[in-house]
Amino acid sequence: MVAEHLLFTTLRFLTARHPELTDILDDSVAHLGDPGGGPNRDDEAVREIARRFIASLRAETRS
């Protein structure tokens, strides 16, 4: 939880000064994948989590 909080706070700070950062992050989502192997691997689930994170970041920077 601490790492996520610090990361999100840092990204919020950066996107306030560089709003184009959320577009760059959004474009990078296609490269993400599930690091776990085997039959339970779900790359799209990992990408969806990233999309939600970026959407939350966009909402935070608009308010």
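Structure data summary
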item	result
Selected from A3, H31, A45, residue furthest toward positive end of dipole (region 2-62; charges at beta carbon)	A3
Cut-off 14 Å between beta-carbons: net charge of the residues surrounding E4, Lys and Arg +1, Asp and Glu -1	+1
Helix-derived mean residue ellipticity, 222 nm - over the chain, DSSP H n ≥ 4, -39500 (n - 2.57), to 500	-23000 deg cm²/dmol
Segments 10-21, 34-45, 50-61 sorted - mean Cβ within 10 Å per residue, highest first	50-61, 10-21, 34-45
Principal axis dimensions, region 2-62 - Cα atoms, whole angstrom, descending	41, 26, 14
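Every number in this text was worked out from the coordinates using simple rules, so none of it is lab data. Just so we're clear, the structure is a prediction, and the values are computed from it rather than from any experiment. FYI the Cβ positions are ideal-geometry reconstructions off the backbone, even for glycines, and counts take in every protein chain you see.
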